[in-house]
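The values are calculated or read from the model by the stated rules, or taken from the named source; none is laboratory data. Given the structure is predicted, the values throughout are model-derived calculations rather than measurements. Positions of Cβ are generated from backbone atoms using ideal geometry, with glycine treated the same way; all protein chains shown enter the neighbour counts.
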Amino acid sequence: MKKDKKYLENMFAWQIRVLGKLPLMESQYQFNPDRRWRADFAFVEEKILVEIEGGIWINGGHNRGARMIEDMNRQNWAVLHGWRCFRFADKHVKSGEAITIVESALNQKS
């Protein structure tokens with residue numbers, strides 16, 4: 001599962017680089033200074049977080065109760081503090097849909 005998730009994260013990062021016109025993106029961004037919560041990717045100035053979900057078809061760790069609750073807490077905290085959060089599965093990354101959505105979000109005026 002970790003291999004698959006890393007592959008998807010690398011693919012997403014590559015797609016961002018290929019576009020070349022998007023703002024700077026940070027990976028493994030710690031968006032809450034008081035917690036160890038990290039997002040796979042963040043566009044910090046634009047306050048956009050991106051999570052690439054791995055292992056959703058194999059009952060990965062984040063598909064179990066306690067981890068799902070923690071993910072919900074993380075995302076709710078982020079939203080309450082002005083972040084826009086996007087979560088994508090393998091099909092979103094592989095099809096380019098994830099990039100299309102993130103690019104659209106980045107082009108929206110706040």
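Data for the structure
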item: Of residues in the range 57-86 being buried (at least 16 other Cβ atoms within 10 Å of the Cβ) and not in a helix (DSSP H, G or I), the one modelled with the lowest pLDDT; result: Gly60
item: Those residues of the range 5-54 which are in contact (Cβ under 8 Å) with a residue 24 or more places away in the chain, farther than 15 Å from Ala98 by Cα, touching a strand residue (DSSP E or B) at 6+ places or on another chain (Cβ under 7 Å) and of a type in the set (D, E, K, R), in sequence order; result: Lys47
